[in-house]
Each structure stands twice: as structure tokens, then as C-alpha cells.
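K.L.:
I'd like to ask some things about the structure below.
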Amino acid sequence: MFRTPAEAYDRHVGRYGAALARDLIAAAGVESGRALDVGCGPGALTGELVTVLGAANVSAVDPSPPFAEACALRNPGVEVQVGVAEALPLADASFDHVLSQLVVNFLRDAPAGVREMRRVTRPGGSVAAAVWDYGGEMVLLRTFWDTAVALDPAAADRDEARSMAYSTPGELGELWRAAGLEDVRVTSAVVAADYESFEDLWYPLEVGVGPAGAYAVSLGPDQRAALKEEFRARLGVDDRPFSLTARAWISRGTDPSR
């Protein structure tokens, strides 16, 4: 799902990345110090952190070599490593802020990943993450899965609203508190992305980006064509430019003094 070219990811949920990153940075209270982007992908959040802090004060980690390479190329001067959130290749208490955008749901062991994020955060520093509101107002993905399930009831098990943990405010906040973080707050952010046409939106799904793309490419040609047409009809878009909105939940906590 995430070993596709970075440009394909950019055309999928990556379109929302910079705007969401700015909201995440604000929620985390990032104004100075050193920051780590966990699960950086091609580097949307990393780039926004560089704008605030400068490249020398930003580091990034991602398990996908193509994404880590893209992040490094797009953000010269940032230390980018290949690694997983559950075992960050970094020393204790190295950062003032540790952030993660659209990653927590995909971790093999999310509690371990958040504990690692806390481990590399200095006492008093912030740990924050954003996840999509898969069950509600993330229009692109909510409409996709509603369409898929209508045509193929078996797709219900792959619907990200069901398959992704920690995608509600209650679950996300409890995950942060269970890691020992204090002053936990969960807020929302609504961002938007522009598309040139429905074909512009459909392309990354056709090449298998993300869970939705993985489902699309698993279908035979006729099923995929039917999904494409019904999806377009439900979105109510055509070959003209349009925009979609997406809501995310942002959890932010503080690492207590040790």
C-alpha cells in the first residue's frame, strides 16, 4: 500500500497533507525546539516543521524506503531514517515535540508506538498525532467505502471505519493516556483538497495506494469499472475541477517530568 511512488501518494490523501500538518503543528504547540516526524511518508508534515523550526531542528522516520527517500529529497538538511514507530532508532529524550500524521492506525502495535514516541520526547515536551475521521467526515474515504460495500457487502471488513482502530476521539485519547501522557486533549481539524477532475482523484486508487487502492486493484476489471462509476456518481463530480473536505482527529499530550 505504501511502497508505491511518492507522487501517487501525493495525489491520494497526500493532497491534504500540508494543510493538516499545519493544524497538527498548531495543536502540538510547536514554536521552537527540535521535532521528530514519525511515519513521515513523502514529507508533508516534515516540510511544514522545517518552515517553523528549520531543517537542522527536524528529524523524520518512515518504514517505507521509497517514502523516506522522497522525504529526504524534498527536505534537504533533515535527518531522515528508515525505521518503525514501535522501535524508533533514536535516543531517549531527544526531542521537544514528536508528531505523527495519519500513521497511528497503521502501526502493528499502536500502544508500543506511542510509548516510543513518549520515550524520545523530553520531559515537558509534546506528543501529538492526527488520524482521519474514517467513520464520518473524511469525504473521500467515507464515500469510497460506502460505495464499495453497496456493491460488494464483503468489503465491509475492509472499510477503514471498521478496520482502523483509534479513529474516534475516545479511542485516541485513551491511547495517549495509556502511554502515560498528561494533559491529553483531542480536537478536530477540517481540511480540503482540490482535484482537476474525477480521473485525477481515481488515479492513485487505480495504482493501489492505501487500503482503498489495495481494495480497488484486488477487483476484476468489470467490478473495478462498476466501483469507479458508482463512486463518481455518489461524489457527484465529473471532468471539472472540484474540492473535497476531510476531518481529522488530533490527539495531543505532554510528557510528564521523570
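The values are calculated or read from the model by the stated rules, or taken from the named source; none is laboratory data. Values in this document were obtained by computation on a predicted structure and should not be read as measured data. Every residue, glycine among them, receives a Cβ derived from its backbone with ideal geometry; neighbour counts consider all protein chains shown.
K.L.:
Against the conditions (1) touching a His at 6+ places or on another chain (Cβ under 7 Å); (2) free of Cβ contacts under 8 Å to residues at least 40 places away in the same chain, where does T51 fall short? Just the number, please.
P.N.:
Of everything listed in (1) touching a His at 6+ places or on another chain (Cβ under 7 Å); (2) free of Cβ contacts under 8 Å to residues at least 40 places away in the same chain, T51 misses just condition (1).
K.L.:
Could you grab me the full set of residues in region 111-124 that are in a strand (DSSP E or B) and surrounded by fewer than 23 Cβ atoms within 10 Å (Cβ to Cβ)?
P.N.:
Result: R122, P123, G124.
K.L.:
OK, next. Given the criterion in a helix (DSSP H, G or I), of a type outside the set (A, V, I, L, M), touching a residue at least 12 places away in the same chain (Cβ under 8 Å) and out of contact with any helix residue (DSSP H, G or I) (no Cβ under 6 Å at 6 or more places or on another chain), identify the matching residue among D222, D200, D239, D194. If you could, list the steps in order and put the result at the bottom.
P.N.:
Working: D222 fails: touching a residue at least 12 places away in the same chain (Cβ under 8 Å); D239 fails: in a helix (DSSP H, G or I); D194 fails: in a helix (DSSP H, G or I).
Going through D222, D200, D239, D194 in turn, just one is in a helix (DSSP H, G or I), of a type outside the set (A, V, I, L, M), touching a residue at least 12 places away in the same chain (Cβ under 8 Å) and out of contact with any helix residue (DSSP H, G or I) (no Cβ under 6 Å at 6 or more places or on another chain): D200.
K.L.:
For the condition modelled with pLDDT of 95 or more and either crowded, with 20+ Cβ neighbours inside 10 Å or touching a His at 6+ places or on another chain (Cβ under 6 Å) (or both), what is the one hit in T147, T143?
P.N.:
T147
K.L.:
Suppose we filter E69, E48, E7, E31 for residues that are charged (D, E, K, R) and in a loop (DSSP other than H, G, I, E, B); which single one remains?
P.N.:
None of the other options fit; the residue is E31.
K.L.:
Residues in region 29-56 that are β-branched (V, I, T) and surrounded by fewer than 24 Cβ atoms within 10 Å (Cβ to Cβ): how many?
P.N.:
In the first step, residues of region 29-56 are kept if they are β-branched (V, I, T); the result is 30, 38, 46, 50-52.
With the extra rule that they be surrounded by fewer than 24 Cβ atoms within 10 Å (Cβ to Cβ), the set shrinks to 30, 50-52.
Residues flagged as β-branched (V, I, T) and surrounded by fewer than 24 Cβ atoms within 10 Å (Cβ to Cβ) within region 29-56 amount to 4.
K.L.:
Here is a follow-up. For region 137-189, how many residues meet the condition of being among the basic types (K, R), touching a strand residue (DSSP E or B) at 6+ places or on another chain (Cβ under 8 Å) and assigned to a helix (DSSP H, G or I)?
P.N.:
First, the residues of region 137-189 that are among the basic types (K, R): 142, 158, 162, 177, 185.
Narrowing further to those that are touching a strand residue (DSSP E or B) at 6+ places or on another chain (Cβ under 8 Å): 177, 185.
If we keep only those that are assigned to a helix (DSSP H, G or I) too, we end up with 177.
Qualifying residue count for the region: 1.
K.L.:
Next question, about the same structure. For S251, are the conditions met, namely being under 30 Å from F95 (Cβ atoms), outside any loop (DSSP other than H, G, I, E, B) and of a type in the set (S, T, Y)?
P.N.:
Here the answer is yes, as S251 does meet what is asked.
K.L.:
Given the condition on the phi < 0 side of the Ramachandran plot, crowded, with 17+ Cβ neighbours inside 10 Å, β-branched (V, I, T) and at pLDDT 95 or above, answer yes or no: does some residue in region 214-227 qualify?
P.N.:
Taking every residue of region 214-227 in turn, none turns out to be on the phi < 0 side of the Ramachandran plot, crowded, with 17+ Cβ neighbours inside 10 Å, β-branched (V, I, T) and at pLDDT 95 or above.
K.L.:
Can you name the residue in region 80-106 that is closer than 16 Å to S251 by Cα and not in a helix (DSSP H, G or I) and is also farthest from the chain's Cα centre (by Cα) among such residues?
P.N.:
H97
K.L.:
Go through S59, S64 for me and flag whichever is buried (at least 18 other Cβ atoms within 10 Å of the Cβ), closer than 15 Å to G14 by Cβ and not hydrophobic (A, V, I, L, M, F, W, C).
P.N.:
Working: S59 fails: closer than 15 Å to G14 by Cβ.
Checking each option against the conditions leaves just S64.
K.L.:
Please find, among E171, E160, E230, the residue that is free of Cβ contacts under 8 Å to residues at least 12 places away in the same chain and surrounded by 14 or more Cβ atoms within 10 Å (Cβ to Cβ).
P.N.:
Going through E171, E160, E230 in turn, just one is free of Cβ contacts under 8 Å to residues at least 12 places away in the same chain and surrounded by 14 or more Cβ atoms within 10 Å (Cβ to Cβ): E171.
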